[in-house]
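J.: I have a structure I would like to understand better, so I am pasting it below and will then ask my questions one at a time.
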Amino acid sequence: MSPAAPQPIRAPGEQLVILVGAYGSGKTEVAVNLAIRWARAGLRVKLADLDLVNPYFRSREQQRVMEGHGVHVVVPPGKLAGADLPIVLPEVVGLLQPEPDTISLLDVGGDEVGARVLGSFRPNLHEGAYELWQVVNGSRPFTANPAGCHAIRAELEAASRLRVTGLVGNTHLIDETEVETVLGGWRLVEQVAKESGLPVRAVGIRNELAADPALAEITAPVLELDRRMLPPWIPGQSDGHGGCNRDRKPAPRPIGVPPRLRAQDSRGEVDGVHPD
Amino acid sequence: MTKVLMKGNEALGEAAIRAGCVHFFGYPITPQTEVPEYLVKRLPEVGGVFVQAESEIASINMIYGAAGTGVKCLTSSSSPGISLMAEGLSYIAACELPCVLINIMRAGPGLGGILPAQSDYHQATRGHGHGDYQLIVLAPASVQEAVDLMMLAFDLSERYRNPVMVCADGMIGQMMEPVEFPTEGAGEPMAENEWALTGCEGRERRIVNSLYLSPEDLNEHNKKLKAKYDLIAEKETRHEVYGEHEGADILVVAFGTMARIVKSAIDDLQSEGVKVALFRPITLKPWPYKAGRATMDALAPDAPVLTVEMSMGQMIDDVRLCADGSRRHEFLGEAGGVVPSPEEVAAKIKSLL
């Protein structure tokens, strides 16, 4: 199954992609963007929010947006979605079984603490039957160099009792990301790939930078990222905001978006999918 | 220096180390747990001490002991945990010991919820333990400001021999932003002083104690503390004014995350020609009354003052004290982890014009 996207990001031969990584590496942003990208390419996509360690900024905050794109989102029901309880739904086990024309994505919490939950699924996961991608952000304190990335990978593998099978470069500084930031991150993940023998499955780049000619040296598939996990002072989005206002209706009278935010917020595709 | 991407809680932990604090005592609670999680990794690298105490009551009393020996020390918690620290904090303030505590506020009262709130404002600024004591309370509105204020917190605590609280809502603790640290490596330990219990061999014995059997002595002690708090109020207020306040038709007062939301609303309203400004206290204690009053006095004659909080209205008491009857007051607030949106703030501002 290869997703029919402009530059295919492949989960070769397999349909279960598990995202792990150091704390704050951007797994959730990558997971939500991948899910929507694959869904828009016509695939059936299921995403399970398995983040048991973060209280805010989890993929469940984008549930309505993802569902608007046809993604099936597996999260604890109702009020329990906002609890800081380690809830694992039995439905997640179903996602581990291959289904035709379906990609299942597991968004796992950060560090070895977050990855430990995967260990309980070990009996359902066979070598070669899953893709386990390590998301790498070189702007984070403990993964700024290859040694740090290898150390985290060893911890993730020990906690999950699974093998990492690929890398996703995701080096950024949110609004302060520059072409140099992305290039530095690419060189880092390339080096990690060289030293570990792992393939780079994708490089996440904010959509406004993705077309920059200076990034031509990036040979891995590019995942253009729409910033979706937003703090509450960025207006105009009914979902997200770190989990605040979870069950609230969007404001009745939306006002314009300030110019400095417009670049990242006027992409249009989210518009029209607010279910209410 | 290159910027790194950090969660507010992690950045607070790193900033403490850069400020020279290598002693942490604390207990986990959402949404501040990344502070101890970060420090348990980092402190061994700089030869520091990390103790996960059995409770918040134990944590604050470990701080009492550590501070008494003249080391820079830190504890961190969230609202219900801070409540448990009330007694110990009163003892620390009474003994004039420097220390820093972090409150990453969550929604209350009671067990409440884990989402962000600003409803510990009264607790922080009105001395939540017993007796006549005051904290210095610093309220960051970004991860970078959390770093800067953390470093300032250790300076102020040492200079005034007083506990300092960095008081942020859960959003500041949980969100990620690029940050820059002004210094490399662990900072300097506390300077030599005349009060720390360091072993009395070869010198007069020192005593750290808050028990006064003579009412006159205790009265004198309270007067001495009051003089210190007055000095702090005179010298240590900090604030920010955003937007053009001269002749503005309305002033909004907000702090922390709420102030950033108000800024987004102001950016939008200004493009529509609305004359609106924000007054943001950075020190919640001492509250910047003088600057606040000067800002209010420069508004259009009948301009109202709108206080916006992630609570049912606590800082509005200080805004009223600041205005001292000179302005009409309005309030917008939500609680429980519900946060007023920029759109709602803008709508409220427009409804008052």
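The values are calculated or read from the model by the stated rules, or taken from the named source; none is laboratory data. Remember, it's a predicted structure, so these values are computed and weren't measured experimentally. Every residue, glycine as well, gets a Cβ built from its backbone with ideal geometry; the counts of neighbours run over all protein chains shown. Heavy atoms of the whole protein, side chains included, go into the accessibility calculation; ligands, DNA and RNA do not. Shrake-Rupley method; radii C 1.70, N 1.55, O 1.52, S 1.80 Å.
J.: Which numbered condition in (1) touching a residue at least 60 places away in the same chain (Cβ under 8 Å); (2) closer than 23 Å to residue B:159 by Cα is the only one that residue B:116 fails?
T.: Here residue B:116 clears every test but (2).
So that you can scan it fast, the table gives a plain yes or no per residue for (1) free of Cβ contacts under 8 Å to residues at least 40 places away in the same chain; (2) among the aliphatic types (A, V, I, L, M):
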residue	(1), (2)
A:156	no, yes
A:164	no, yes
A:178	yes, no
A:196	no, no
A:203	yes, yes
A:212	yes, no
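J.: Looking at residue B:154, is it of a type in the set (Phe, Trp, Tyr) and buried (at least 23 other Cβ atoms within 10 Å of the Cβ)?
T.: Criteria met by residue B:154.
J.: So, one more: Might you check whether a residue that is free of Cβ contacts under 8 Å to residues at least 12 places away in the same chain and in contact with a Pro (Cβ under 6 Å, 6 or more places away or on another chain) occurs anywhere in the stretch A:115-131?
T.: Within the stretch A:115-131 (the criterion being free of Cβ contacts under 8 Å to residues at least 12 places away in the same chain and in contact with a Pro (Cβ under 6 Å, 6 or more places away or on another chain)), the answer is no, since none of the residues qualifies.
J.: So which residues in the stretch B:20-39 are open to solvent by 10 Å² or more (accessible area, probe 1.4 Å) and among the aliphatic types (A, V, I, L, M)?
T.: B:22, B:29
J.: Among the residues of the stretch A:168-186, is there at least one that is touching a Phe, Trp or Tyr at 6+ places or on another chain (Cβ under 7 Å) and under 23 Å from residue A:209 (Cα atoms)?
T.: Yes; the residues of the stretch A:168-186 include at least one that is touching a Phe, Trp or Tyr at 6+ places or on another chain (Cβ under 7 Å) and under 23 Å from residue A:209 (Cα atoms).
J.: Which one of the conditions (1) in contact with a strand residue (DSSP E or B) (Cβ under 7 Å, 6 or more places away or on another chain); (2) farther than 25 Å from residue A:141 by Cα; (3) open to solvent by less than 10 Å² (accessible area, probe 1.4 Å) does residue B:139 fail to meet, given that it meets all the rest?
T.: The failed condition is (2).
J.: Ok, one more. Out of A:127, A:61, which single residue is touching a helix residue (DSSP H, G or I) at 6+ places or on another chain (Cβ under 6 Å) and either open to solvent by 10 Å² or more (accessible area, probe 1.4 Å) or not aliphatic (A, V, I, L, M) (or both)? Give the derivation first.
T.: Details: A:127 fails: touching a helix residue (DSSP H, G or I) at 6+ places or on another chain (Cβ under 6 Å).
The unique qualifying residue is A:61.
J.: Follow-up. Pick out the one residue from A:190, A:224, A:208 that is closer than 19 Å to residue A:28 by Cα, open to solvent by 60 Å² or more (accessible area, probe 1.4 Å) and away from every other protein chain (no Cβ under 14 Å).
T.: The conditions single out A:224.
J.: Return yes when residue B:283 is of a type in the set (Ser, Thr, Tyr) and either open to solvent by 20 Å² or more (accessible area, probe 1.4 Å) or over 18 Å from residue B:342 (Cα atoms) (or both) and no when it is not.
T.: On the way: of a type in the set (Ser, Thr, Tyr): yes; either open to solvent by 20 Å² or more (accessible area, probe 1.4 Å) or over 18 Å from residue B:342 (Cα atoms) (or both): yes.
The answer is yes for residue B:283.
J.: Within 20 Å of the chain's Cα centre (by Cα), open to solvent by less than 50 Å² (accessible area, probe 1.4 Å), at pLDDT 95 or above and under 28 Å from residue A:65 (Cβ atoms): does that describe residue A:200?
T.: Considered against the rule, which asks whether it is within 20 Å of the chain's Cα centre (by Cα), open to solvent by less than 50 Å² (accessible area, probe 1.4 Å), at pLDDT 95 or above and under 28 Å from residue A:65 (Cβ atoms), residue A:200 comes out as yes.
J.: Given the conditions (1) in contact with a helix residue (DSSP H, G or I) (Cβ under 7 Å, 6 or more places away or on another chain); (2) away from chain A (no Cβ under 14 Å), which single one is not true for residue B:282?
T.: (1)
J.: What about residue B:291, is it out of contact with any helix residue (DSSP H, G or I) (no Cβ under 6 Å at 6 or more places or on another chain) and free of Cβ contacts under 8 Å to residues at least 12 places away in the same chain? Please lay out each step first, then the result.
T.: Details: out of contact with any helix residue (DSSP H, G or I) (no Cβ under 6 Å at 6 or more places or on another chain): yes; free of Cβ contacts under 8 Å to residues at least 12 places away in the same chain: no.
No: the conditions fail for residue B:291.
J.: Follow-up question, since we're still on this one. Could you tell me whether any residue of the stretch A:40-47 is within 12 Å of chain B (Cβ to nearest Cβ) and of a type outside the set (Lys, Arg)?
T.: No, because not a single residue in the stretch A:40-47 is within 12 Å of chain B (Cβ to nearest Cβ) and of a type outside the set (Lys, Arg).
J.: Turning to a different aspect of this structure: Select from the stretch B:286-313 the residues that are among the polar types (S, T, N, Q) and farther than 17 Å from residue B:139 by Cα and list them in ascending order.
T.: Across the stretch B:286-313, the qualifying residue is only B:295.
So that you can scan it fast, the table gives a plain yes or no per residue for (1) open to solvent by less than 30 Å² (accessible area, probe 1.4 Å); (2) over 23 Å from the mean Cα position of the chain (by Cα):
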site: B:257; (1), (2): yes, no
site: B:268; (1), (2): yes, yes
site: B:306; (1), (2): yes, no
site: B:310; (1), (2): yes, no
site: B:323; (1), (2): yes, no
site: B:328; (1), (2): no, yes
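J.: Yes or no: the stretch B:63-71 includes at least one residue that is free of Cβ contacts under 8 Å to residues at least 24 places away in the same chain and either polar (S, T, N, Q) or out of contact with any Asp or Glu (no Cβ under 8 Å at 6 or more places or on another chain) (or both).
T.: The first filter runs over the stretch B:63-71 and keeps only residues free of Cβ contacts under 8 Å to residues at least 24 places away in the same chain, leaving B:65.
Within this subset, residues satisfying the condition of being either polar (S, T, N, Q) or out of contact with any Asp or Glu (no Cβ under 8 Å at 6 or more places or on another chain) (or both) are B:65.
Yes, because at least one residue in the stretch B:63-71 is free of Cβ contacts under 8 Å to residues at least 24 places away in the same chain and either polar (S, T, N, Q) or out of contact with any Asp or Glu (no Cβ under 8 Å at 6 or more places or on another chain) (or both).
J.: Which one of the conditions (1) of a type outside the set (D, E, K, R); (2) at pLDDT 95 or above; (3) under 27 Å from residue B:258 (Cα atoms) does residue B:182 fail to meet, given that it meets all the rest?
T.: Residue B:182 satisfies all of (1) of a type outside the set (D, E, K, R); (2) at pLDDT 95 or above; (3) under 27 Å from residue B:258 (Cα atoms) except (2).
J.: Which pairs turn up if I take residues in the stretch A:1-29 that are of a type in the set (Lys, Arg) and look for partners that are modelled with pLDDT under 55 with beta carbon separation below 7 Å, at least 6 apart in sequence or on another chain?
T.: From residues that are of a type in the set (Lys, Arg), the pairs are A:10/A:2.
J.: In the stretch B:270-279, what residues are touching a residue at least 60 places away in the same chain (Cβ under 8 Å) and surrounded by fewer than 24 Cβ atoms within 10 Å (Cβ to Cβ)?
T.: Answer for the stretch B:270-279, where residues must be touching a residue at least 60 places away in the same chain (Cβ under 8 Å) and surrounded by fewer than 24 Cβ atoms within 10 Å (Cβ to Cβ): just B:274.
J.: Identify the residue in the stretch A:158-182 that is within 14 Å of chain B (Cβ to nearest Cβ) and assigned to a helix (DSSP H, G or I) and, among all such residues, is nearest to the chain's Cα centre (by Cα).
T.: Checked the stretch A:158-182; the qualifying residue nearest to the chain's Cα centre (by Cα) is A:174.
J.: Something else: How many residues are in a loop (DSSP other than H, G, I, E, B) and either touching a strand residue (DSSP E or B) at 6+ places or on another chain (Cβ under 6 Å) or surrounded by 22 or more Cβ atoms within 10 Å (Cβ to Cβ) (or both) if we restrict to the stretch B:114-132?
T.: 6
J.: Check whether at least one residue in the stretch B:212-228 is out of contact with any Leu (no Cβ under 8 Å at 6 or more places or on another chain), open to solvent by 60 Å² or more (accessible area, probe 1.4 Å), in the same structural domain as residue B:335 (by TED's automatic domain parsing) and without any contact (Cβ under 8 Å) to a residue 40 or more places away in the chain, and report yes or no.
T.: Within the stretch B:212-228, not a single residue is out of contact with any Leu (no Cβ under 8 Å at 6 or more places or on another chain), open to solvent by 60 Å² or more (accessible area, probe 1.4 Å), in the same structural domain as residue B:335 (by TED's automatic domain parsing) and without any contact (Cβ under 8 Å) to a residue 40 or more places away in the chain.
J.: Out of all the residues in the stretch B:319-353, which are in contact with a strand residue (DSSP E or B) (Cβ under 8 Å, 6 or more places away or on another chain) and away from every other protein chain (no Cβ under 14 Å)? Break it down into steps so the answer makes sense when it comes.
T.: From the stretch B:319-353, those in contact with a strand residue (DSSP E or B) (Cβ under 8 Å, 6 or more places away or on another chain) are B:319-320, B:323, B:327-333, B:337, B:339-340, B:344-345, B:348-349, B:352-353; that's our starting set.
Hits for the stretch B:319-353 are B:319, B:320, B:323, B:327, B:328, B:329, B:330, B:331, B:352, B:353.
J.: Among B:176, B:165, B:171, which is the only one that is within 14 Å of chain A (Cβ to nearest Cβ), touching a residue at least 40 places away in the same chain (Cβ under 8 Å) and open to solvent by less than 30 Å² (accessible area, probe 1.4 Å)?
T.: Among B:176, B:165, B:171, only B:171 is within 14 Å of chain A (Cβ to nearest Cβ), touching a residue at least 40 places away in the same chain (Cβ under 8 Å) and open to solvent by less than 30 Å² (accessible area, probe 1.4 Å).
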